[in-house]
Amino acid sequence: MSTHVDFPVCLRLQGKRVLLVGAGNIADERSQQLVDAGARLRVVAPSISATIRRLAQEGRLELAERPYAPGDVRGHHVVFVATDDRKVSGAVADEARALGIWVNTADVPELCDFTLPSVGRRGPIVVAVSTSGQAPALARQLRRRFLEQVEPGHVQLARLSGWLRKRLPGGAERMRLLKQLVEGEAGELLTRGQRRAAWARVRVALETFGEKQ
């Protein structure tokens, strides 16, 4: 049994060149996720789904409606493979690794430089559950359970924290204030939907913050 431990990260793919090889349900999901993340996506597959064709027609991805060919991975930052053809998957992975490009191959963990968690979103809050590629169905089940616990007030709290982070100077005092916002009364009021009372506490905290600068 493998004893490796994955290192979880959230990739910022805005403007990055990403290649997706393959079609089908997994490719549909991947393509939508990648364009939503702002990636400059190129899809290579001999048979294209309606979802991918629509995204191409909308100008959200580049489409090469043909089989994968050697050299397709060049110039990309990340490569995703979603095909049932093991020979194609192996060829893409080998070429990507030879060029130092990270690759993910759906349902073939040994051909992956990274795995993809099951992801759910509520505004800026992302819930991701990974089983290191061992049990994707379990990851999806747990993700749904965890996401049910994210209330609208949590989303508002995350957005407020991000707003303050952009406007207050960095340092220990800002860290203290943001921690107090999440763990203190203001955060509790927001998660209960009491926005007016929460903002009153935030204003007091900001006044104190200003006095200590």
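For THR208, indicate whether it is closer than 22 Å to GLY120 by Cα and either free of Cβ contacts under 8 Å to residues at least 60 places away in the same chain or touching a Lys or Arg at 6+ places or on another chain (Cβ under 6 Å) (or both). So THR208 fails the test. The lone criterion from (1) outside any loop (DSSP other than H, G, I, E, B); (2) open to solvent by less than 70 Å² (accessible area, probe 1.4 Å); (3) at pLDDT below 95; (4) more than 18 Å from ALA27 (Cα to Cα) left unmet by GLU95 is number (3). ALA45 passes every criterion in (1) closer than 30 Å to GLU148 by Cα; (2) open to solvent by less than 30 Å² (accessible area, probe 1.4 Å); (3) in contact with a Lys or Arg (Cβ under 9 Å, 6 or more places away or on another chain); (4) small (Gly, Ala, Ser) apart from (1).
Among the numbered conditions (1) over 18 Å from the mean Cα position of the chain (by Cα); (2) part of a helix (DSSP H, G or I), the only one that GLY193 does not meet is (2).
Of all residues assigned to segment 121-138, at least one qualifies as being in contact with a Phe, Trp or Tyr (Cβ under 6 Å, 6 or more places away or on another chain), in a strand (DSSP E or B), open to solvent by less than 70 Å² (accessible area, probe 1.4 Å) and not hydroxyl-bearing (Ser, Thr, Tyr). Total residues in segment 142-151 satisfying the condition of being part of a helix (DSSP H, G or I) and open to solvent by 90 Å² or more (accessible area, probe 1.4 Å): the figure is 3. Within segment 154-197, restricting attention to residues that are in contact (Cβ under 8 Å) with a residue 24 or more places away in the chain, small (Gly, Ala, Ser) and in contact with a helix residue (DSSP H, G or I) (Cβ under 8 Å, 6 or more places away or on another chain), the residue that is surrounded by the fewest Cβ atoms within 10 Å (Cβ to Cβ) is GLY193.
Just one of the listed residues (ASP85, ASP107) is closer than 18 Å to VAL73 by Cα and acidic (Asp, Glu), and it is ASP85. Could we say that ALA82 is open to solvent by less than 30 Å² (accessible area, probe 1.4 Å) and either farther than 28 Å from VAL18 by Cα or touching a residue at least 60 places away in the same chain (Cβ under 8 Å) (or both) here? Here the answer is yes, as ALA82 does meet what is asked.
Look through VAL88, VAL79, VAL43 and report the one residue that is outside any strand (DSSP E or B), hydrophobic (A, V, I, L, M, F, W, C) and modelled with pLDDT of 95 or more. Checking each option against the conditions leaves just VAL88.
Consider segment 48-76 and keep the residues that are of a type in the set (A, V, I, L, M, F, W, C), closer than 26 Å to PRO136 by Cβ and not in a strand (DSSP E or B). The one that is most open to solvent (accessible area, probe 1.4 Å) is ALA50.
Quickly run through segment 62-79 and pick out the residues that are without any contact (Cβ under 8 Å) to a residue 40 or more places away in the chain and in contact with a helix residue (DSSP H, G or I) (Cβ under 6 Å, 6 or more places away or on another chain). Before the answer, list the steps.
The initial filter retains those residues of segment 62-79 that are without any contact (Cβ under 8 Å) to a residue 40 or more places away in the chain, namely 62-67, 69-71, 74.
If the condition is that a residue be without any contact (Cβ under 8 Å) to a residue 40 or more places away in the chain and in contact with a helix residue (DSSP H, G or I) (Cβ under 6 Å, 6 or more places away or on another chain), then LEU63 is the only one that fits.
The values are calculated or read from the model by the stated rules, or taken from the named source; none is laboratory data. These figures come from a predicted structure and were not determined experimentally. Here Cβ is always computed from backbone atoms with ideal geometry, including for glycine, and neighbour counts include all displayed protein chains. The area values use the complete protein model at the heavy-atom level, side chains included, leaving out ligands, DNA and RNA. Shrake-Rupley method; radii C 1.70, N 1.55, O 1.52, S 1.80 Å.
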